[in-house]
Amino acid sequence: MSDRSARAPGRVSHRGIVLHFTGDPDDPEHGAEHTHLYEDGVLVVEDGRVVHAGRWHDRPRVPGAPERVEDHRGDLILPGFVDTHVHAAQIDVMGTPGAQLLPWLTQRVYPAELRFRDPAYAAAAARDLLGMLLAAGTTTAVVSTSTHPDAAEAFFAEALALDLRVVAGKELMDACGTSSGGPVPDALLDPTWEKGHEATVDLARRFHGRRGAPHDPYGSSRIGYCVSPRTAATSTLPALEAAGALYRESAAAGEPLWAQGHLMENRYEADRVLGLLCGRGVHARSYLDVFDRCGLVGPRSVWAHCVWLGEDYPTTPASCPHRPAGGADLDRELLRERGAGVAFCPTSNLYLGSGFFPLHRLRGDGVPVGLGTDIGAGTGFSPLRALHDAYTATVLGNGFPAERPTGPRRSLSALRGLYLATRGGAEALGLQGVIGGFSPGCEADFTVLDLGATPALRRRMDTAHDVHDMLFALMVLGDERSVRTTYVTGRPLYRRGADPYTPYPT
């Protein structure tokens with residue numbers, strides 16, 4: 001493991017191709033202003049913070065002081081990736097058959113998550129997961145652990161040992177157990193909703209806002225607690241209301257927590273949720289409306305998937321006959337008004353056949369969107385691989401005219417893709433200006449990407465028309481092999497060739 005007592009190496013100028021964003025590059029009015037690309041650029045870092053990003057020849061110099069330079073010419077220097085949706089307890093189900101969401105959960109996921117009752121097993125899995133995130137260039141992750149408090153504690157301990165920024169929480173589940181005819185093993189549920197809530201409060205008290213490495217002169221908070229109801233169906237109404245109260249009260253006290261959950265991932269699942277809640281006397285307009293009524297939708301809340309957000313809700317025998325009327329457009333409006341974010345999980349959406357994410361609708365309505373690998377329905381830790389799937393899903397959606405009978409064909413540019421994986425994730429978390437970019441004062445979390453990491457990439461780069469063509473090739477052909485070095489607060493915690501399970505010692 002790395003030595004957390006080691007200091008970031010003073011003032012360092014990192015020379016290479018520098019790219020970062022201060023907003024959505026596809027914004028029709030201000031996109032060009034939001035894109036900062038320097039082909040011969042420099043990122044100046046001091047004491048774990050960004051001092052300057054710009055052209056190499058315009059870099060600030062300290063009179064009389066020797067200049068330390070790390071030469072990355074030919075490589076891309078990019079803010080560390082922000083992965084907005086990861087399941088720590090699903091690391092062992094990656095690559096398991098999963099034709100549909102609900103059977104896959106029952107047959108594969110729930111049995112695997114039961115292993116996390118063992119704190120030692122959970123700690124070892126967390127160590128591996130965090131190492132593989134670093135090896136993929138990820139420096140911030142939004143993580144759902146499991147329902148077991150000891151597993152969440154073990155995860156936080158491992159993240160603190162690396163000084164990695166995580167927003168994470170114990171999952172809340174107290175409904176749909178097998179004893180009541182549901183699919184969730186009773187041993188995976190909180191004993192009662194009160195017990196689950198008490199564990200959440202205790203973990204938030206002990207870990208939220210935990211400071212970074214002792215050497216950090218800024219005393220940065222690297223651990224954020226995330227109130228984490230898994231779904232609206234697997235929590236009772238009292239559990240959701242208690243979670244919402246905790247989330248709101250923390251904001252009122254000036255120490256806001258985050259919140260996360262799954263939303264409109266699978267069309268059948270979404271309809272089933274509303275039917276189940278109807279049987280419990282909850283007659284919601286939509287799946288999102290359930291969370292909003294409980295006070296969980298707001299700034300620093302991130303909702304994973306949202307594939308069917310913006311579509312008309314189906315009417316089946318499982319539907320709630322008492323559901324209030326209201327178009328699905330109201331959900332996008334609600335997310336924007338509340339300041340909530342969305343995690344786009346293209347790999348898992350494709351893998352489980354869930355559908356096509358309405359990226360352009362959500363961004364057009366001003367909803368913050370970040371990228372999520374969604375381990376373990378996601379099949380890899382690399383945000384670059386996820387961006388390949390994001391591009392594929394976006395253009396594939398053009399082949400379904402029943403869903404888009406009019407309007408232009410949709411695609412995904414390299415700039416918007418890399419924005420989603422960096423600044424977009426920061427915006428979804430409400431952490432723009434802290435991570436995800438190179439504005440002065442941002443934490444110096446960044447990755448250096450080898451544009452010619454594979455034979456295919458090298459040939460493609462040799463024939464690229466310009467740097468934008470190179471970036472697109474990286475987005476669709478790159479993966480973990482492209483990551484040369486990952487820096488956290490200015491310190492290299494991973495170098496290519498090192499074992500990803502043992503981050504590079506500082």
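Rule-based calculations on the coordinates, nothing more; no lab input. These numbers come from a predicted model, not from an experiment.
May I ask for the angle, rounded to the nearest 10°, between helix 467-477 and the longest principal axis of the chain, with both axes built from Cα atoms and the value confined to 0 to 90°? Its long axis makes an angle of about 50 degrees.
Residues whose amide H lies under 5 Å from that of Gly209, counting only those 5 or more places away or on a different chain, are Ile223, Gly224, Tyr225; hydrogens are built 1.01 Å from N in the peptide plane. Computed from backbone phi with θ = phi - 60° and the Karplus coefficients 6.51, -1.76 and 1.60, the 3J(HN,Hα) list for the stretch 66-81 is x, 9, 9, 10, 9, 8, 10, 4, x, 9, 9, 9, 10, x, x, 5 Hz; x is used for glycine and proline.
Between rounded, prolate and oblate, where does the stretch 125-236 land on the alpha carbon gyration tensor, with a ≥ b ≥ c its root eigenvalues, rounded for a/c under 1.5, else prolate if a/b exceeds b/c? Before the final figure, lay out each step's value.
On the way: a/c = 2.89, a/b = 1.94, b/c = 1.49.
Because a/c hits 1.5 or more and a/b exceeds b/c, the stretch 125-236 counts as prolate.
Amide hydrogen proximity for Val282: with H placed 1.01 Å from N in the peptide plane, no residue at 5 or more positions away or on another chain lies under 5 Å.
Couplings 3J(HN,Hα) of the stretch 245-259, computed from phi: 5, 4, 4, 5, 5, 5, 5, 5, 7, x, 10, x, 7, 9, 9 Hz, in residue order, whole Hz [Karplus 6.51 cos²θ - 1.76 cosθ + 1.60, θ = phi - 60°; x for Gly and Pro].
The stretch between Asp27 and Gln107 holds 24.5 nm of extra length on full extension. This uses 0.36 nm per residue minus the Cα-Cα distance.
Assuming a ≥ b ≥ c are the square roots of the Cα gyration tensor eigenvalues, decide whether the stretch 1-146 counts as rounded (a/c under 1.5), prolate (otherwise, with a/b larger than b/c) or oblate.
Details: a/c = 3.58, a/b = 1.83, b/c = 1.96.
Taking the square roots of the gyration eigenvalues as a ≥ b ≥ c, the stretch 1-146 is oblate.
Backbone amide hydrogens, once placed in the peptide plane, bring Val342 within less than 5 Å of Trp303, Val369, Gly370, excluding anything fewer than 5 places away on its chain.
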